[in-house]
1. Scanning the stretch 123-144 for residues that are in contact with a Lys or Arg (Cβ under 9 Å, 6 or more places away or on another chain), part of a helix (DSSP H, G or I) and at pLDDT 95 or above, which turns out surrounded by the most Cβ atoms within 10 Å (Cβ to Cβ)?
2. How about the stretch 87-112: which of its residues are within 12 Å of Gln148 (Cα to Cα) and either charged (D, E, K, R) or not in a loop (DSSP other than H, G, I, E, B) (or both)?
3. Among residues belonging to the stretch 14-35 that are more than 16 Å from ligand 2 (Cβ to nearest atom) and of a type in the set (A, V, I, L, M), point out the one that is surrounded by the fewest Cβ atoms within 10 Å (Cβ to Cβ).
4. Is it true that some residue in the stretch 77-84 is within 15 Å of ligand 2 (Cβ to nearest atom), over 30 Å from Glu206 (Cβ atoms) and among the aromatic types (Phe, Trp, Tyr)?
5. Could you figure out which of (1) part of a helix (DSSP H, G or I); (2) closer than 15 Å to Asp222 by Cα isn't true of Ile50?
6. Which of the numbered conditions does Tyr62 fail, given that it passes all the others? Conditions: (1) of a type in the set (Ser, Thr, Tyr); (2) in contact with a Ser or Thr (Cβ under 7 Å, 6 or more places away or on another chain); (3) assigned to a strand (DSSP E or B); (4) under 30 Å from Lys134 (Cβ atoms).
7. Output the residues belonging to the stretch 74-122 that are at positive phi and at pLDDT 90 or above.
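The values are calculated or read from the model by the stated rules, or taken from the named source; none is laboratory data. Predicted model, so just to flag it, every value in this text is computed and none were measured. All Cβ positions, glycine included, derive from the backbone under ideal geometry; neighbour counts span all protein chains shown.
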Amino acid sequence: MILVKDLKRYYGTGETAVKALNGVSFEINKGEFVAIMGASGSGKTTLLRILALLDDATDGMYTIRGLEVSSLPEAERSYYRLTQVGYVFQDYALINEMSAAENVYVLSMMEGKSKKESYSTALEALDKVGLKGKHDKVPGELSGGEKQRVAIARAIAKKPDIMFADEPCANLDTNNSKQVLDVFKELNEKYGQTIIMVTHEPWHVEYVNRVITLEDGTMISDENKQNSTVSPK
Ligand SMILES: Nc1ncnc2c1ncn2[C@@H]1O[C@H](COP(=O)(O)OP(=O)(O)O)[C@@H](O)[C@H]1O
Ligand SMILES: [Mg+2]
């Protein structure tokens with residue numbers, strides 16, 4: 001569903017340009033759970049932001065379901081971003097004054113859904129990430145793992161084609177990290193959710209079915225794991 005070819009992203013121009021991505025090519029099919037790994041500064045966030053349409057490549061090809069993304073008008077890119085892309089940030093990006101349910105349904109309401117429909121979708125999403133009964137808690141009353149699971153619920157409430165996560169466990173201890181990774185794994189296995197997750201923790205690899213490793217803006221390995229549940233495109 002995703003195809004990138006010779007993708008490049010340079011910051012600045014000329015001799016001093018930072019080549020954050022310097023020619024990356026791969027294909028990701030529906031239903032995959034992919035980890036993007038590599039040292040700090042290797043280009044992971046840059047790649048994820050381009051894939052999620054939060055940034056533009058300097059050069060190269062990027063298609064989603066056969067559609068060339070760079071040629072899409074901004075209004076369509078924006079609509080796709082709002083309705084089809086789930087993005088989970090390292091720092092949760094929750095609104096502290098709002099309950100878990102409100103944090104989840106605020107996006108559905110932006111899509112123009114009614115409050116009632118948005119609320120029931122939010123409860124369903126919170127249920128899926130194991131937070132049933134915590135819908136009226138504000139972020140301050142939740143653990144780090146629970147906060148990140150609210151952020152995941154917000155991302156899945158719109159039933160995105162693809163879910164992106166940039167170091168979702170970076171601020172979490174091992175226990176909370178496991179809760180979050182278990183939720184991703186279940187969403188992938190039970191609901192076929194396609195997930196692309198940036199991480200630099202080697203132990204996270206056991207949760208995914210493919211590992212793409214970057215170094216200095218290029219891909220140095222692309223490893224498909226055995227027993228993966230990847231379905232053909
Ligand atoms: N907005 C920016 N302006 C200039 N350089 C940037 C910018 N964002 C990232 N970079 C540089 O691009 C490279 C890749 O960064 P990044 O994608 O954030 O790596 P990672 O997520 O793997 O740590 C780094 O050298 C970083 O300093
Ligand atoms: Mg990063």
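1. Restricting to residues being in contact with a Lys or Arg (Cβ under 9 Å, 6 or more places away or on another chain), part of a helix (DSSP H, G or I) and at pLDDT 95 or above, the top hit is Leu126.
2. As a first pass, look at the stretch 87-112 and keep what is within 12 Å of Gln148 (Cα to Cα): 87-94, 100, 103-104.
Residues satisfying the conditions are Tyr87, Val88, Asp91, Ala100, Asn103, Val104.
3. Among those that are more than 16 Å from ligand 2 (Cβ to nearest atom) and of a type in the set (A, V, I, L, M), it is Ala17.
4. Here is the first cut: in the stretch 77-84, the residues within 15 Å of ligand 2 (Cβ to nearest atom) are none.
No, the stretch 77-84 contains no residue that is within 15 Å of ligand 2 (Cβ to nearest atom), over 30 Å from Glu206 (Cβ atoms) and among the aromatic types (Phe, Trp, Tyr).
5. (2)
6. The one condition Tyr62 does not meet is (4).
7. At the first step, the residues of the stretch 74-122 found to be at positive phi are 92-93, 112.
Within the stretch 74-122, Tyr92, Ala93 qualify.
Residue-by-condition table, conditions (1) over 28 Å from Gly192 (Cβ atoms); (2) of a type in the set (Val, Ile, Thr); (3) touching a strand residue (DSSP E or B) at 6+ places or on another chain (Cβ under 9 Å):
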| site | (1), (2), (3) |
| --- | --- |
| Gly14 | yes, no, no |
| Phe33 | no, no, yes |
| Thr46 | no, yes, yes |
| Ile50 | no, yes, yes |
